[in-house]
């Protein structure tokens, strides 16, 4: 029988289930044990940077009643332990005032720790959309994965992966609004369809101020695109045609003007470095 395909996500369920053990040499564990909660440190490099206080309090209440169902995954760090996966459970356990918590000790290097931490967060935690996109991007860069390969490992469709990554192309002003829950990832994906960053910021501000739903924002963008295409197709006035001709004669290259006297674009074509220099000299008046 062929060996099972090994992937980044292959051992995660096993790691998080105390009844299933990974038999690889890299992942040998000492089993589930209880350790003093004060001897555990958080991982500064884990992708999740913010935790909902309400969510942590709800989990803490559950832990008080039922205990921690899944052990934390930790690595020995001298005489202390470093969290590989399960920081949310750890924080909730502290709120619940537990003195000891169940852990599974693994022998992972830094790279493997980051891998498991990223996957556990993406699969099991409620990351905000920007944190999730950054975690996905980190996995792709660190392990040279395509979107299709990462889709298989995370159990998410390729379009979901692609749409998540699109959010990272947005200006920081927009990503902060998504990160803080002021606008949704759906709003962000719609705004990402606009290439102009200034317009992206403007649309995000409109969304906040006017309370656009995702559908309303999509319609707003559709109208903007329609207006832009209409302006580009609008015939040039005689004055603009004359200006286009003057630019052409002055620069010695093909020139295209779209729009009106109030708003539009001027595109200079060039076929050589010399022509580019000629256009440059004309524009700066030399």
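When each of the peptides 242-248, 200-206 is scored by how many other beta carbons lie within 10 Å of its residues on average, the order from highest to lowest is 200-206, 242-248. Each of the peptides 179-186, 83-90 was scored by the mean count of other Cβ atoms within 10 Å over its residues; in descending order, highest first, they stand as 83-90, 179-186. Considering all C-alpha pairs of segment 238-284, those separated by over 15 Å amount to 42%. Protection proxy ranking for 250-259, 33-42, using the average of other Cβ atoms within 10 Å per residue and placing the highest first: 250-259, 33-42. Binning the C-alpha pair distances of segment 170-232 at 10 Å intervals from 0 yields a P(r) profile of 24, 58, 16, 2 %, listed from the shortest bin outward.
FYI, it's all coordinate maths here, none of it is from the lab. Since the structure is predicted, the reported quantities are computational estimates derived from the model, not experimental observations. As a convention, Cβ positions derive from the backbone with ideal geometry for all residues, glycine included, and neighbour counts pool all protein chains shown.
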